[in-house]
1. Using only Cα atoms and rounding to the nearest 10 degrees, what angle (0 to 90) does helix 339-352 make with the longest principal axis of the chain?
2. Pick from Ala160, Ala107, Ala219: which is most flexible by mean-square fluctuation in a GNM of the chain where alpha carbon atoms under 10 Å apart are linked?
3. What value, in deg cm²/dmol to 500, does the helix sum -39500 (n - 2.57) over DSSP H runs of n ≥ 4 give at 222 nm once divided by the residues of the chain?
4. Out of all DSSP beta bridges in the chain, what portion is antiparallel? Express it as a percent rounded to 5.
5. Once a ≥ b ≥ c are taken as the square roots of the eigenvalues of the Cα gyration tensor of region 265-328, is the result rounded (a/c under 1.5), prolate (a/b larger than b/c) or oblate (a/b not larger than b/c)?
6. Using unit Cβ charges (K, R positive; D, E negative) and no other charged atoms, how large, in debye to the nearest 20, is the dipole of region 108-176 about its Cα centre?
7. Identify which of Ala289, Ala319, Ala123 has the largest mean-square fluctuation in a Gaussian network model of the chain, with springs joining Cα atoms closer than 10 Å.
8. Roughly what angle does helix 38-48 make with the longest principal axis of the chain, taking Cα atoms, 0 to 90 degrees, to the nearest 10?
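Any read-out appearing in this document is the output of simple, stated calculations on the displayed coordinates, not a laboratory observation. Predicted, not measured: the structure shown is a model, and the values here were computed from it. Using ideal geometry, Cβ is built from the backbone for each residue, glycine included, and neighbour counts are taken over all protein chains shown.
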Amino acid sequence: MPVQSPAADAQRPIGTFITDHVQPAWDQLNQFSRLVRHNDTMDYGLRRHRMPVHQFPGSYAAFLYNGNIVGGRYQRMTTLVSDQAAEACASKTLTQSYAAAAGLPVAGGQPYTDADQAHQRVANSGLWVVKPDGARRARGVSLKVTGADFADAWQRAVRAKPRDARFSQDIVVEPFHDGLLVRFFVVGGTCYAAAVRVPLFVMGDGSSTVADLVRASFAHREQHALLNSTLPSVGTVLARLPEPLTSETVLDTGELRLLREDGRLTAGGLPFDVTEMVSAELRTLAEGAAQSIPGLGAVGIDLITPQLDSAAGAVVLDADPWASALVHRFPAFGRRRRVIWELTEVLSLRAQYWEKPIPPPTSPASEEAG
């Protein structure tokens with residue numbers, strides 16, 4: 001990981017967001033004493049729509065309406081997602097290909113099977129992302145890769161490739177886009193929530209060590225059920241500090257340092273609700289990404305953008321039909337969004353019209369002939 005100056009972190013888009021929005025709201029961290037899982041909330045919503053859920057052994061469930069099976073779920077992915085959409089979303093590069101075909105800006109990932117060919121692209125210049133094409137939950141992802149550390153990043157991605165042959169076995173090399181990672185929850189082609197994934201950071205006070213700052217940050221999160229249940233250990237964080245930080249480093253007052261690049265909950269990230277902050281253009285870009293894949297009725301769309309008030313420079317990164325609603329239902333900061341209600345509403349509408357025939361459209365000419 002290349003050495004960064006303190007000013008570099010503060011001046012990056014995520015650093016500006018932390019300084020302007022996260023740090024001022026730190027003492028107003030949301031308090032959620034109880035956590036309700038994604039599928040449990042979905043099951044409750046379906047029952048409210050008179051749609052009982054039959055859970056099979058394992059990860060499969062069937063949705064019933066008037067005694068008939070009208071849909072179902074595998075893990076968190078429902079039958080609002082077509083086979084074609086599921087296949088497209090199983091490959092990050094295929095997802096971006098659909099978005100690019102619709103005229104949308106994409107992150108520019110390219111698949112490789114040969115390490116030497118991939119290294120030639122990375123060795124030119126700049127910072128890169130190396131990741132498995134078919135993996136989820138940031139498994140095997142390396143950010144800000146250079147030619148010098150490419151070999152380690154490649155091997156990490158190879159080790160994390162899905163063992164299931166149905167998933168892509170390629171390794172993706174993609175330009176690193178320095179911006180805000182925003183997750184949009186899109187149902188039926190409409191965006192209902194957006195959250196910035198804020199990576200783990202500390203802000204110096206002039207006397208506390210980095211270890212003290214991490215412990216204080218984690219202790220503050222204990223009042224939030226989702227954050228508390230997903231926190232990494234302090235030891236894990238301190239063992240992987242970016243150079244030149246150590247656990248005993250004392251940061252100046254107001255000095256911002258990012259300890260991680262990705263904003264996953266299990267890496268110490270914080271979901272910050274920005275549903276009312278994102279521009280209409282960004283919302284349209286997320287909806288367009290979902291609509292670019294046929295049959296993608298419910299999905300988490302990831303965009304990277306330099307700012308929230310414009311789509312200039314924003315790119316489509318990924319589409320996740322297995323997306324959890326928890327980051328929207330239990331954000332660290334901002335208003336909670338009940339996006340599962342929208343999901344169950346669409347499932348209910350589909351159930352009501354499950355087997356009803358749709359008459360062919362009647363043209364004006366045929367009406368006159370009749």
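1. Tilt of helix 339-352: around 20 degrees.
2. Ala219
3. Numbers: 14 runs with 117 residues, N = 370.
It lands at -8500 deg cm²/dmol.
4. So the antiparallel bridges amount to about 95 percent of the total.
5. Verdict is oblate for region 265-328.
6. Once rounded to the nearest 20, the dipole reads 400 debye.
7. Per the Cα network of the chain with a 10 Å cutoff, Ala123 tops the list.
8. The angle comes out near 30 degrees.
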